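Student: I have a structure here, written as structure tokens, and I will follow up with some questions on it.
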Amino acid sequence: MSETAAEPAAPASINLRWFLALFGPGLVGVVALALTTANDPTGLPPELAELPSLTLASLVAVQPELLLAVAVLLGLYAAPKVGFRSHLLDRVTYGTPLLEGFGSELKPAIGLGVLAGVFVVVAEPLLAPTPSAAPETEATVRAVLVTVPLRFLYGGITEELLLRWGFMSVLAFGLWRTVGRGAGDLSDGLAWTAVVAAAVLFGIGHLPNALVVYGELTTAVVVWIVVGNAIGGVAFGWIYWRHSLEAAMVAHAMAHVVFVSLSLVAIGSSP
């Protein structure tokens, strides 16, 4: 259960306002993904890369839009039943001020996100293989900054809706109903199972991009991408479980603050 006082009761049904309250922010991330891909179609098949930018962006957006809609709907059903919460949902459902509970979560979310980002950066030289077959790209300030909307909007918002609100909530609910027989609160063991499973799926979801970066998916590449992203996934899943969806979004975004900041420092210090 979330570590918040006076937790509202779970909604008895799903309505359009609740759906839009979560789908809307996630859609912003999908748009960021589509526009970023259209601007730099590296790794796409030639027949897609040659399409007009607007057409390509529209096509890229279709699948994540559908996945987002499904994730939001599933989360609306499953999350409240196992004690997971969203302050946005509380706002549109009960009129609860956003900062009433979320304000106290900002500090741990920021701290955990920074810690997860630093942990990944430290692990990278130990676990990450050196790209060999991938096309060389020059590291520039512009190249880093262009990724910022994708990192913060798609990564920080949409991915949390897909992986935590959608997948993790449904898995936790399924475990609670089957293993826990739907009795009492979600146990720590079942919650951790959902956290880790969502984190691993989070890592697997980054393999297509790894193929572009590394040129091939060797065992070493797969292990690094899954483990490296799962480090953050476990942190984001834990804070979602113990606090809220929005806390997970902030933690995810703060991890990217670390990645972007260190990338800019490395570029600035290079000869």
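Student: Inside the range 65-95, can you point out the residues that are open to solvent by less than 30 Å² (accessible area, probe 1.4 Å) and under 12 Å from Glu246 (Cβ atoms)?
Tutor: Once the filter is applied, which keeps residues that are open to solvent by less than 30 Å² (accessible area, probe 1.4 Å) and under 12 Å from Glu246 (Cβ atoms), the range 65-95 yields Phe84, Arg85, Ser86, His87, Leu89, Asp90.
Student: If you scan the range 196-219, which residues turn out to be in contact with a helix residue (DSSP H, G or I) (Cβ under 8 Å, 6 or more places away or on another chain) and farther than 18 Å from Gly156 by Cβ?
Tutor: Once the filter is applied, which keeps residues that are in contact with a helix residue (DSSP H, G or I) (Cβ under 8 Å, 6 or more places away or on another chain) and farther than 18 Å from Gly156 by Cβ, the range 196-219 yields Val196, Ala197, Val200, Ile204, Leu207, Ala210, Tyr214, Leu217.
Per-residue answers, yes or no, for (1) basic (Lys, Arg); (2) more than 19 Å from the chain's Cα centre (by Cα); (3) at pLDDT 90 or above:
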site	(1), (2), (3)
Val70	no, no, yes
Arg85	yes, no, yes
Arg91	yes, yes, yes
Ala116	no, no, yes
Val121	no, no, yes
Ala128	no, yes, no
Thr137	no, yes, no
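Student: For the range 167-189, give me the residue count where each residue is of a type in the set (Ser, Thr, Tyr), over 22 Å from the mean Cα position of the chain (by Cα) and under 25 Å from Gly203 (Cα atoms).
Tutor: 1
Student: Follow-up. May I ask you to list the residues in the range 10-37 that are small (Gly, Ala, Ser) and at pLDDT 90 or above?
Tutor: Ala21, Gly24, Gly26, Gly29, Ala32, Ala34
Student: Sticking with this one: So if I check each of Gly228, Gly174, which one is of a type outside the set (D, E, K, R), at pLDDT 95 or above and surrounded by fewer than 22 Cβ atoms within 10 Å (Cβ to Cβ)?
Tutor: Checking each option against the conditions leaves just Gly174.
Student: Could you list, in sequence order, all residues of the range 52-64 that are crowded, with 16+ Cβ neighbours inside 10 Å and either modelled with pLDDT under 90 or of a type outside the set (Gly, Ala, Ser) (or both)?
Tutor: If the condition is that a residue be crowded, with 16+ Cβ neighbours inside 10 Å and either modelled with pLDDT under 90 or of a type outside the set (Gly, Ala, Ser) (or both), then Leu56, Val60, Pro64 are the ones that fit.
Student: Among residues belonging to the range 177-210 that are open to solvent by less than 20 Å² (accessible area, probe 1.4 Å) and not aromatic (Phe, Trp, Tyr), point out the one that is farthest from Val234 (Cα to Cα).
Tutor: It comes out as Ala210.
Student: So Trp192 fits all but one of (1) assigned to a helix (DSSP H, G or I); (2) free of Cβ contacts under 8 Å to residues at least 12 places away in the same chain; (3) over 21 Å from the mean Cα position of the chain (by Cα); what number is the exception?
Tutor: In the conditions (1) assigned to a helix (DSSP H, G or I); (2) free of Cβ contacts under 8 Å to residues at least 12 places away in the same chain; (3) over 21 Å from the mean Cα position of the chain (by Cα), Trp192 misses (3) alone.
The values are calculated or read from the model by the stated rules, or taken from the named source; none is laboratory data. Please read all numbers here as calculations on a predicted model, not as lab measurements. Here Cβ is always computed from backbone atoms with ideal geometry, including for glycine, and neighbour counts include all displayed protein chains. In case anyone asks, the SASA skips ligands and DNA or RNA and just uses the protein heavy atoms, side chains included. Shrake-Rupley method; radii C 1.70, N 1.55, O 1.52, S 1.80 Å.
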